[in-house]
Amino acid sequence: MELTEKQLSTKTIYDGSIIKVRVDEVLLPNGETGKREVVEHSGAVCVVPITNDNMVYMVRQFRYAFGETILEIPAGKLNDENENWADAAMRELEEETGMKTDELIYIGDFYPAVATYTEVIHMYVAKGLHKGEQNLDDDEFLEVEKFPLSTLVDMIMSGEIKDGKTIAAILKVNLMLQK
């Protein structure tokens, strides 16, 4: 069975500084038409900054949409869809944690909301960490904390860590280090 849907028309209903929202009319596999609401996003990067003794630098920040302070790995959006992912990952690592890295390893992509978002988060692990200079955005407020990797895995499994990119990247790094 062919599962592909074909776009028949599109209408942008919001064009903001971070996202653009459009409504598409599509041709469904059964020949009928349907509507798809799509949130366009330029993409993002996230980094698991891990020390030689398996300590991970994390950031804790208030996330307005959930009204909660969330523990997560350093991350940030790409300036545009053509920005080099590794450059963005190194920028966000230093900007948020004040750390630089000698070794940045790409570990895959994460699709945070496949039903509606075009955002792709490119995941990295950073090793060989050394002190840089924290340089937060004017509207960015966070605390940097350090945790053993095993503690973070336990926090994920208990439901204490809820952020999807953090869950995926931490569990992936944990499995990679076990091999």
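Descriptive notes on the structure:
- Qualifying position, being touching a helix residue (DSSP H, G or I) at 6+ places or on another chain (Cβ under 6 Å), outside any loop (DSSP other than H, G, I, E, B) and among the aliphatic types (A, V, I, L, M), among Ile105, Ile156: Ile156
- Considering only residues in the stretch 147-167 that are among the charged types (D, E, K, R) and over 12 Å from Val48 (Cβ atoms), the one that is surrounded by the fewest Cβ atoms within 10 Å (Cβ to Cβ) turns out to be Glu160.
- Pairs linking a residue in the stretch 157-170 that is in contact (Cβ under 8 Å) with a residue 12 or more places away in the chain to a residue that is part of a helix (DSSP H, G or I), with Cβ atoms under 7 Å and 6 or more positions apart or on different chains, are Ile161/Leu152; Ile161/Met155; Ile161/Ile167; Ile170/Leu152; Ile170/Val153; Ile170/Ile156.
- Some residue of the stretch 65-87 being crowded, with 16+ Cβ neighbours inside 10 Å, among the charged types (D, E, K, R) and in the same structural domain as Ile161 (by TED's automatic domain parsing): yes
- Checked against the criterion of being assigned to a loop (DSSP other than H, G, I, E, B) and under 18 Å from Ala169 (Cα atoms), the candidates Ala113, Ala89, Ala65 yield just one match: Ala113.
- Those residues of the stretch 1-51 which are without any contact (Cβ under 8 Å) to a residue 24 or more places away in the chain, within 25 Å of Glu92 (Cβ to Cβ) and surrounded by fewer than 12 Cβ atoms within 10 Å (Cβ to Cβ), in sequence order: Asp15, Gly16, Ser17
Table: residues versus (1) modelled with pLDDT under 95; (2) surrounded by 14 or more Cβ atoms within 10 Å (Cβ to Cβ); (3) in contact with a Gly (Cβ under 8 Å, 6 or more places away or on another chain).
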residue	(1), (2), (3)
Lys100	no, yes, yes
His122	no, yes, yes
Lys131	yes, no, yes
Glu145	no, no, no
Ala169	no, yes, no
Gln178	yes, no, no
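- Output for the stretch 62-95, where each listed residue is touching a Phe, Trp or Tyr at 6+ places or on another chain (Cβ under 6 Å) and without any contact (Cβ under 8 Å) to a residue 24 or more places away in the chain: Thr69
- When the stretch 4-52 is filtered for residues that are over 30 Å from Leu129 (Cα atoms), small (Gly, Ala, Ser) and part of a strand (DSSP E or B), the ones remaining, listed by number, are Ser9, Gly34.
- The set of residues in the stretch 118-153 that are among the aliphatic types (A, V, I, L, M) and assigned to a helix (DSSP H, G or I) comprises Leu149, Leu152, Val153.
The values are calculated or read from the model by the stated rules, or taken from the named source; none is laboratory data. The structure displayed is predicted, hence computed values, not measured ones. Neighbour counts run over all protein chains shown; Cβ positions are idealised from the backbone, glycine included.
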